[in-house]
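Notes follow the structure.
Just so it is clear, none of the values below were taken in a lab; they were calculated from the coordinates. Keep in mind the model is a prediction, meaning the values are calculated, not measured. All Cβ positions, even for glycine, are placed from backbone atoms using ideal geometry, and neighbour counts span all protein chains on display.
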Amino acid sequence: MDLTLRSPRVSGIHAEILLVGETLFIRDLGSRNGTFVNRKRVDQVTPIGEGDHIELADMEFRIEYRPSQIRQHGGKNHLNDTMDEIETFESNWVLSQLNELIENRAIVPHYQVIMGLLHSSPLGYEALARSSVSGLENPGVMFETAKLVNREAELSLLCRAQAVEMGCQLPKGSSIFLNTHPAESLHDDVLPSLRQLRLIAPAHTLVVEIHEGAIDDLCSIRRFIDELKELEIGIAYDDFGSGRSRLVELIQAPPDFLKFDIGLIRNIHKSPNQQQRMLKILVEMVHDMGTRAIAEGIEKRHEAECCRDLGFDYLQGYFFGRPKPVSDFLVTVDTSAGTHSSGDPSMETMAIFGD
């Protein structure tokens, strides 16, 4: 949430408050007149909790805790316990955890299957970051923490590298979809890393995902796409429809894949006919550009069936399986029956859907 303060002493970009896990931090963004916590000017990322006095130049605030619902346990609420945890929280703990995560390359990528409709078989897998480092188990907290010390690009590079190194164990010929972060430069950060990763996984198709909202320079993105083609790496625009969809850029610099945001897909089978027609027209337009359409966030059979009828090429979501470590996709041998099993229940789910 952006908060505009009507004071000439407050800088245009003054400070920000960040939520990492269950802890609030405040960070000054190079303001002229300073950020203060309990009358002390702060130059480093600083944890804040209930009752703290915050000053942004000549504007003053107090942090309050207003839970929508206080949990009860044995006649006693947990509010005091929560506040004690925040007050005793050491500011450098979560940052040291991030340092451990990066130095030890402690990313454990999970993969979510992307299913095809034509042959009821997987196109590939999207790599998603996970870790076992306390406090940094999911990518949201990882990157919020990395933001505190401007290490988002470094973390993203590590996530991609681990995803490809582990993903080499996935079935040969399958695609590995790799995410990028807005803090990365496509030409200075992403491309050099992809050149190295291309050598690591020659038997797999690599596809790099770019948020469609980040496509603001047509010349740059065209050059990026051309360089990806030389590496035989595909490109996908992610989260299409989540914000200001750039149809002109989409037409003039078409990707190999366009991933339709979950907001357009959720309960699409219950949506008015007009909305479904609009989505069908968008999918047809995408096909005319030679781009394949992926529906994200499929959680119900009816959503999958509706997206099939609307012309989508591929589907992704919990209906076909949650993100899992690579070991869950490896082929195992059933010695008692002499048969092979993929260990992936989503294959059976898709087979039923295909009928």
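Remarks
- Cut-off 19 Å (backbone N to label point 7 Å along Cα→Cβ of Val149), residues of region 167-183: 183
- Checking every one of the trypsin sites (Lys or Arg not before Pro) in region 1-52 against DSSP loop status and a limit of 14 other Cβ atoms within 10 Å picks out Arg6, Arg9, Arg32, Arg39.
- The calculated FRET efficiency for Ile281 paired with Glu227, based on their beta-carbon distance and R0 = 35 Å, is about 0.65.
- Short-range pairs are left out: with C-alpha atoms under 8 Å and at least six residues apart, the relative contact order of region 137-207 is 38 percent.
- If the chain linking Ser132 and Lys270 were pulled fully straight, counting 0.36 nm for each residue of separation and taking away their Cα-Cα distance, it would gain 45.8 nm.
- Modelled FRET efficiency - R0 45 Å, Thr4 with Gln252, Cβ distances, 0.05 increments: 0.80
- Applying 0.36 nm per residue to the separation of Glu50 and Ser220 and subtracting their alpha-carbon distance, the gain on full extension is 56.6 nm.
- Here is the list for region 210-283: trypsin sites (Lys or Arg not before Pro) lying in DSSP coil, each with at most 10 other C-beta atoms within 10 angstrom of its C-beta, are Arg244.
- Taking 26 Å as the limit for the C-alpha separation, the pairs Lys172/Lys259; Lys147/Lys229; Lys172/Lys324; Lys40/Lys147; Lys259/Lys280; Lys259/Lys324 exceed it in the case of Lys147/Lys229.
- Beta bridges by DSSP in region 98-233, antiparallel share as percent, to the nearest 5: 45
- Against the compact-protein benchmark of 2.2 N^0.38 Å, the Cα-based radius of gyration of region 89-183 scales to 1.21.
- Neighbour-limited loop hits for chymotrypsin sites (Phe, Trp or Tyr not before Pro), region 229-281 (at most 16 other Cβ within 10 Å; DSSP other than H, G, I, E, B): none
- Label-to-label distance, nm, for residues given as Tyr65 and Asn99 (7 Å Cα→Cβ offset): 2.8
- Electrostatic dipole magnitude of region 98-354 [Cβ: Lys, Arg +1; Asp, Glu -1; Cα centre; debye, to 20]: 460
- 17 Å Cα-Cα reach of Lys300 towards lysines, excluding residues that sit fewer than 8 places from it in its own chain: Lys270
- The Cα center of region 224-285 and the Cα center of region 288-303 differ in position by 9 Å.
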